[in-house]
Amino acid sequence: MRALISLAIFLLMAGSFLHVALSDELSFGNPSRTEMDDYFIANGQRQTGANNIVAAVLFDYRGIDTLGEASVLFVAVLGVGLVIRRAMAPGSEGDGERGESP
Amino acid sequence: MKKIVRTAARLLYPFAFIYGAYIVLHGHLTPGGGFQGGAVIATGFALMLAAHGPGELSGIFKRAALNICEVAGLLIFVLAGFGGLTHGRAFLFNWLANAGGLFGHSVAHGPNPGDLNTGGLVPLLNIAVGLEVLGALSLIIYYMMTFANHIEEGGPDDAA
């Protein structure tokens with residue numbers, strides 16, 4: 001019974017999400033709005049001086065987005081360092097807490 | 001690890017570094033950029049760390065050097081962004097483009113052979129992100145390999 005209910009919920013959610021993609025509202029390969037693409041292609045080289053329009057969008061038009069990505073990587077390293085250093089340190093708080101709990 | 005692996009790694013890692021540096025420095029002209037090139041350079045670090053073990057290397061393979069790389073990358077990015085404010089424009093405004101100085105050459109519209117000294121902030125931020133990514137990925141590998149070696153030697157419970 002539970003499996004049937006979860007299957008029904010899964011099918012309902014998958015159907016509601018796939019409905020948009022499979023219906024004719026979104027045509028594959030033909031984006032409906034191209035004003036921004038045309039703007040980047042027409043002005044990217046003149047405004048940024050970069051031949052690679054993808055790089056121009058990443059580091060100039062969407063620079064703050066890239067700053068966020070770099071910060072995410074920074075925080076990821078902080079997290080890995082925190083977890084592993086705590087697990088490695090001999091006689092650390094982590095060991096003590098584990099020793100106290102039976 | 002075995003001597004053959006160590007020797008091969010020592011022969012191969014400069015090529016990974018050079019190819020990664022090419023991808024980073026030409027990011028504003030050809031496909032690629034800071035993230036991709038930094039990841040390629042980090043494979044060189046991973047090769048050396050896997051062959052030698054994280055504790056036995058010196059120089060640029062030390063954890064302190066990787067830390068400096070990572071922090072310097074993010075700092076260059078943010079400081080270059082604040083440079084836009086000093087020119088009366090928004091944060092991360094491309095204040096170096098078409099200015100004539102560093103990375104300041106103008107580029108013609110349409111296909112052209114490409115000039116390394118163009119792009120303004122784009123190549124600068126590519127280099128910053130490349131430093132950041134190579135430091136971050138190498139540090140994660142470094143931490144995990146140190147932890148794996150530690151477990152092999154008896155585990156965290158027996159260390160005390």
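The values are calculated or read from the model by the stated rules, or taken from the named source; none is laboratory data. None of these values were measured; they are calculated from a predicted model. Heads up, the Cβs are rebuilt from the backbone with ideal geometry, glycines too, and the neighbour counts pull from every protein chain shown.
When only residues in region B:104-136 that are within 8 Å of chain A (Cβ to nearest Cβ), touching a residue at least 24 places away in the same chain (Cβ under 8 Å) and part of a loop (DSSP other than H, G, I, E, B) count, which is nearest to residue B:80 (Cα to Cα)?
Out of the qualifying residues, it is B:120.
Could you list all residues from region B:74-92 that are without any contact (Cβ under 8 Å) to a residue 24 or more places away in the chain, under 25 Å from residue B:132 (Cβ atoms) and in a loop (DSSP other than H, G, I, E, B)?
If the condition is that a residue be without any contact (Cβ under 8 Å) to a residue 24 or more places away in the chain, under 25 Å from residue B:132 (Cβ atoms) and in a loop (DSSP other than H, G, I, E, B), then B:87, B:89, B:90, B:91 are the ones that fit.
Anything in region B:137-151 that is surrounded by fewer than 20 Cβ atoms within 10 Å (Cβ to Cβ) and at the interface with another protein chain (Cβ under 8 Å from one of its Cβ atoms)? List them, or say none.
Those that are surrounded by fewer than 20 Cβ atoms within 10 Å (Cβ to Cβ) and at the interface with another protein chain (Cβ under 8 Å from one of its Cβ atoms): B:144, B:146, B:147, B:150.
Taking residue A:59 and the conditions (1) under 26 Å from the mean Cα position of the chain (by Cα); (2) within 13 Å of chain B (Cβ to nearest Cβ); (3) at pLDDT below 90, which numbered condition does it fall short on, given that it satisfies the others?
Tallying (1) under 26 Å from the mean Cα position of the chain (by Cα); (2) within 13 Å of chain B (Cβ to nearest Cβ); (3) at pLDDT below 90, residue A:59 fails exactly one: (3).
Out of (1) surrounded by 18 or more Cβ atoms within 10 Å (Cβ to Cβ); (2) more than 12 Å from chain A (Cβ to nearest Cβ); (3) not hydrophobic (A, V, I, L, M, F, W, C), what's the single condition that is false for residue B:94?
With respect to (1) surrounded by 18 or more Cβ atoms within 10 Å (Cβ to Cβ); (2) more than 12 Å from chain A (Cβ to nearest Cβ); (3) not hydrophobic (A, V, I, L, M, F, W, C), residue B:94 is out only on (2).
State all residues of region B:4-20 that are within 27 Å of residue B:97 (Cα to Cα), without any contact (Cβ under 8 Å) to a residue 40 or more places away in the chain and either touching a strand residue (DSSP E or B) at 6+ places or on another chain (Cβ under 7 Å) or not aromatic (Phe, Trp, Tyr) (or both); if no residue qualifies, say none.
Applying the first criterion (within 27 Å of residue B:97 (Cα to Cα)) to region B:4-20 yields B:18-20.
The next check asks that each one be without any contact (Cβ under 8 Å) to a residue 40 or more places away in the chain; those that pass are B:18-19.
Within region B:4-20, B:18 is the sole residue that qualifies.
When residue B:101 is evaluated against the numbered criteria (1) more than 8 Å from chain A (Cβ to nearest Cβ); (2) surrounded by 16 or more Cβ atoms within 10 Å (Cβ to Cβ); (3) not acidic (Asp, Glu), which criterion, by number, is the only one it fails?
Of (1) more than 8 Å from chain A (Cβ to nearest Cβ); (2) surrounded by 16 or more Cβ atoms within 10 Å (Cβ to Cβ); (3) not acidic (Asp, Glu), only one is false for residue B:101: (2).
In this structure, does residue B:77 turn out to be aromatic (Phe, Trp, Tyr), farther than 30 Å from residue B:2 by Cβ and facing another protein chain (nearest Cβ under 8 Å)?
Criteria met by residue B:77.
Residue B:60: at pLDDT below 85, out of contact with any helix residue (DSSP H, G or I) (no Cβ under 6 Å at 6 or more places or on another chain) and either in a helix (DSSP H, G or I) or closer than 27 Å to residue A:82 by Cβ (or both), yes or no?
yes
Against the definition (surrounded by fewer than 21 Cβ atoms within 10 Å (Cβ to Cβ) and either closer than 25 Å to residue A:65 by Cβ or without any contact (Cβ under 8 Å) to a residue 12 or more places away in the chain (or both)), how does residue B:29 come out, yes or no?
no
Among the residues of region A:62-78, which ones are of a type outside the set (Gly, Ala, Ser) and either facing chain B (nearest Cβ under 9 Å) or in contact (Cβ under 8 Å) with a residue 24 or more places away in the chain (or both)?
The initial filter retains those residues of region A:62-78 that are of a type outside the set (Gly, Ala, Ser), namely A:62, A:64-67, A:69, A:72-75, A:77-78.
Correct list: A:64, A:66, A:67, A:69, A:73, A:74, A:77.
Mind listing whichever residues of region A:27-66 are among the hydroxyl-bearing types (Ser, Thr, Tyr) and assigned to a helix (DSSP H, G or I)?
Listed by number, the residues that qualify are A:39, A:48, A:61, A:66.
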